[in-house]
Amino acid sequence: MRLPPLLAGLTLYALSLSSQSQVLAIHAGTVLDPGSGTALRDQTIVIERGLIKSISPYAGQPAAAQVVDLSHEFVLPGLMDAHSHLTVSYPKNNIPLEEVYLEESNALRAMRGLMNARVLLDAGFTAIRDVGNSGEYAMVDVRRAVERGWFPGPTIITTGKMIAPFGGQSHHTPPDIGRIWKYEYIDADSQDQLRSAVRENIFYGAQLIKLILDNSPYHYSVDDLRVVVAEAHKAGVPVAVHVYGGEAADNAIEAGVDSIEHGFYLTDAQLIRMKAKGIFLVSTDFPRAHLDLIGAAGGELSEPAEVAQAILDRLRRAWRIGVRIPFGSDSVVDVAGRSRADMIFDYLAVWREAGIPPEGILRSMTSEAAAVMKLDKTRGRVAPGFAADMIAVPGDPRTDIELLRKVDFVMKDGKIVRAAVQPGHASGSSSRAPVGAK
């Protein structure tokens, strides 16, 4: 009897855990490493204790190693999404996000986050940067559950609660309803409150501080933002800011934040300053169809056609100027019959329309995303000494980037979590049998 896909995948993961101390050898048809720009044909990747031990030309099956035959596949680093909200299913048709607060418990939000984490891992995303809207630190608990090995999942970087001037990202909430936004936001309107908010988030498990800059008629000053950057950096934690453009973006750039999220209306002058300062643009390039689903996003966005054009224009200019652009989706709307991964892959069309070559897209989804997540010393490349986070696709994504939708092998920390082939024996035999395939 064939197991259901998720159960089959979990079974394969459990078997992989039991043999993690064994040496695993992957016979790869082509190894792509977007971070270095290399493409090596007919290679053997040796994996031991979750790390890539060596990559060398194929010369027969290594002795005393389990073997995975990917000789007809392109092997590359696991994909990464640097701007996700895994616990959120955003209401459609301009219904406020606050509706979720009344209908879903923190535990339910955490279970959605765990489900989406597993879905994305199965699709080839081995690292995720979750940037808020997770209730009372629900994604911190999801991250800890994955880190403890209770469930398979990607490496997860968590934000905790977003910090904003009074009101979070809510609009026109009646005073007699109460400050319901505090379920996911921390109000901070002075520099002392900003320091306190940073410390509170880090205490509860945040690995990234995120601020909301231009949701209100007022925004933080350069000095305010420098306080946040200094406080977070003292703890070794980076700072991301939600901002679309204007003076608020000027202040963020001047203060030296680590990343700007969205930046739909950034000018060339602002992008040039970002490049000079090494500030990442996590650009969240929504396809037009997704913007139609989101609508005005609680009053934050303009008409979808105008926003879609601004996104495309800004992405083209940022790429031309040379700003570092890690891939981030901000995909938050669920559609019947489509997974969160399906929705994220829709963003590839926007990057293609902006004229960004597949090699650039692959870098943004691997080594550049690893850099903004502060994982680039250990993940985001297929290279000796790096974590064995890898995927395989049945063709060359440098000629057809849409092949990323056809990932048929996923490895996380040396553990096989999804495979179209099963490990063979030391003699070199390997069987091609679907295991948990979609």
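For the reader, a short list of remarks on this structure follows.
- Some residue of segment 76-91 being at positive phi and surrounded by fewer than 21 Cβ atoms within 10 Å (Cβ to Cβ): no
- Exactly one residue among ALA318, ALA276, ALA297, ALA252 is open to solvent by 40 Å² or more (accessible area, probe 1.4 Å) and either at pLDDT below 95 or part of a helix (DSSP H, G or I) (or both), and that residue is ALA276.
- Scanning segment 358-394 for residues that are among the polar types (S, T, N, Q) and within 18 Å of ILE55 (Cβ to Cβ) gives THR366, SER367, THR378.
- One residue stands out among those in segment 255-273 that are part of a loop (DSSP other than H, G, I, E, B) and open to solvent by 60 Å² or more (accessible area, probe 1.4 Å): the one that is farthest from PHE327 (Cα to Cα), which is THR267.
- Hits in segment 257-270 (condition: under 22 Å from the mean Cα position of the chain (by Cα), farther than 10 Å from GLY245 by Cβ and among the aliphatic types (A, V, I, L, M)): VAL257
- ALA8 being in a helix (DSSP H, G or I), open to solvent by less than 30 Å² (accessible area, probe 1.4 Å) and either modelled with pLDDT of 85 or more or not acidic (Asp, Glu) (or both): yes
- One residue from ALA188, ALA249 being closer than 24 Å to TRP351 by Cβ and of a type in the set (Gly, Ala, Ser): ALA249
- Within segment 59-66, the presence of a residue that is part of a strand (DSSP E or B), under 17 Å from GLY380 (Cα atoms) and more than 26 Å from the chain's Cα centre (by Cα) is excluded.
- Qualifying residue in segment 180-203 (condition: out of contact with any Leu (no Cβ under 6 Å at 6 or more places or on another chain) and within 30 Å of VAL75 (Cβ to Cβ)): no
- Any hit, segment 75-84, residues being of a type outside the set (D, E, K, R) and over 21 Å from TYR347 (Cα atoms): yes
- LEU108, sole failed condition from (1) surrounded by fewer than 21 Cβ atoms within 10 Å (Cβ to Cβ); (2) more than 22 Å from MET343 (Cβ to Cβ): (2)
- Where LYS210 falls short, out of the listed (1) touching a strand residue (DSSP E or B) at 6+ places or on another chain (Cβ under 8 Å); (2) charged (D, E, K, R); (3) open to solvent by 10 Å² or more (accessible area, probe 1.4 Å): (3)
- When restricted to residues that are over 23 Å from the mean Cα position of the chain (by Cα) and without any contact (Cβ under 8 Å) to a residue 24 or more places away in the chain, segment 205-244 contains 3.
- Residue check for GLU247: of a type outside the set (A, V, I, L, M) and either assigned to a helix (DSSP H, G or I) or free of Cβ contacts under 8 Å to residues at least 60 places away in the same chain (or both): yes
- Whichever residue in segment 23-72 is among the charged types (D, E, K, R) and surrounded by 15 or more Cβ atoms within 10 Å (Cβ to Cβ) and, among such residues, is nearest to LYS412 (Cα to Cα): GLU48
The values are calculated or read from the model by the stated rules, or taken from the named source; none is laboratory data. This structure is a prediction, so every number in the text was calculated from the model and none was measured. FYI the Cβ positions are ideal-geometry reconstructions off the backbone, even for glycines, and counts take in every protein chain you see. These accessible areas exclude ligands, DNA and RNA; they are computed on the full protein's heavy atoms, side chains included. Shrake-Rupley method; radii C 1.70, N 1.55, O 1.52, S 1.80 Å.
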